[in-house]
Ligand code: HEC
Ligand code: HEC
Ligand code: HEC
Ligand code: HEC
Ligand code: HEC
């Protein structure tokens, strides 16, 4: 088992104990949240957010599930082909995109922001509360490949939840809000 895998396994064993343990952990988590964000993995196609933002395509056009569900999701290859059957069709990278589309294969995008399976996160309540994409993901419209801009650990989540209106803080810092 890899180092990270071993850490994950021991966390899962610790979690019930820790959930009973309480608030000291919250403070510890905030103090420990100093690791830096990881760099982006290689993607199957050099996709540029910047190019598409300059063409004024909205985030939600390609990640529409963010508004209504837990996951923002990735655009299907059909969505890409919707434009690229006619836009920039002679370019090499677009021919690669159309190759996936013609074979009916999804493009195997590599995940960047990924919570451990013992954490519950949903986009929906955040967008409903008016927290913008850039608050958590940075200025993606200026990036080529998306990359993580903050280390999304427990201290990061709690730092923001503790700043919410007083009446909501108890609910938003309840261990079971994020560990179901
Ligand atoms: C034309 C479609 C398109 C548009 C518009 C678009 N994206 Fe993306 N997005 C993608 C694709 C394709 C990927 C996977 C490649 C990559 O990671 O760069 C991706 C990846 C991401 C990721 C990383 C996903 C992960 O695995 O964690 C984030 C975050 C993201 N986009 C946010 C945004 C935001 C914010 C906007 C608006 C500023 C936006 N996207 C606009 C297509 C799009
Ligand atoms: C409160 C912080 C926050 C906000 C606001 C936010 N995201 Fe995310 N996003 C995350 C986290 C955390 C993950 C990892 C989720 C997981 O693995 O369960 C993520 C994952 C993603 C992914 C990867 C696929 C997925 O859903 O797991 C995409 C794409 C993405 N976000 C796009 C967006 C877009 C577009 C917006 C704005 C419409 C947005 N996000 C707003 C925190 C946020
Ligand atoms: C709403 C229309 C639209 C959608 C949807 C769209 N694109 Fe694009 N794409 C564009 C435009 C416009 C350009 C800029 C073309 C130019 O440079 O003339 C572009 C450029 C590109 C380029 C750069 C081409 C080059 O080599 O110069 C790549 C690669 C690309 N898109 C991939 C994708 C992928 C992958 C998807 C699906 C995740 C996607 N696009 C979805 C409109 C779109
Ligand atoms: C930039 C601020 C911010 C960050 C960062 C943030 N959140 Fe939130 N979160 C909010 C706001 C605002 C709400 C909605 C508040 C409300 O409903 O009163 C919310 C709501 C939630 C809810 C729904 C709670 C409920 O029961 O109503 C969950 C679950 C959640 N967040 C998990 C997370 C996790 C996990 C992370 C870290 C990966 C995270 N959040 C990071 C601001 C943030
Ligand atoms: C707002 C969301 C949120 C709340 C509330 C929350 N956690 Fe977490 N917790 C997380 C996230 C996200 C991680 C994953 C951190 C990572 O992968 O680096 C995590 C990780 C953990 C871990 C694993 C330790 C590690 O290595 O990071 C334990 C144990 C834990 N939480 C216990 C608790 C306890 C006990 C409470 C209540 C006092 C609590 N959590 C409240 C989001 C939350």
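Test residue 163 against the criterion of being in a loop (DSSP other than H, G, I, E, B), without any contact (Cβ under 8 Å) to a residue 60 or more places away in the chain, within 12 Å of ligand 4 (Cβ to nearest atom) and exposed (fewer than 12 other Cβ atoms within 10 Å of the Cβ), and give yes or no. Yes.
Scanning the range 150-177 for residues that are more than 30 Å from residue 40 (Cα to Cα) and either out of contact with any helix residue (DSSP H, G or I) (no Cβ under 9 Å at 6 or more places or on another chain) or modelled with pLDDT under 95 (or both) returns 165, 166, 167, 170, 174.
Of all residue pairs spaced 6 or more apart or on separate chains, those with beta-carbon atoms under 6 Å, a first member in the range 56-71 that is in contact (Cβ under 8 Å) with a residue 60 or more places away in the chain and a second member that is assigned to a loop (DSSP other than H, G, I, E, B) are 66/72.
Within the range 51-78, restricting attention to residues that are surrounded by 14 or more Cβ atoms within 10 Å (Cβ to Cβ) and in a helix (DSSP H, G or I), the residue that is nearest to ligand 4 (Cβ to nearest atom) is 66.
The values are calculated or read from the model by the stated rules, or taken from the named source; none is laboratory data. Small disclaimer: the values here were computed from a predicted structure and weren't measured. Because the Cβ atoms are built from the backbone with ideal geometry, glycine has one as well, and the counts that use them run over all protein chains shown.
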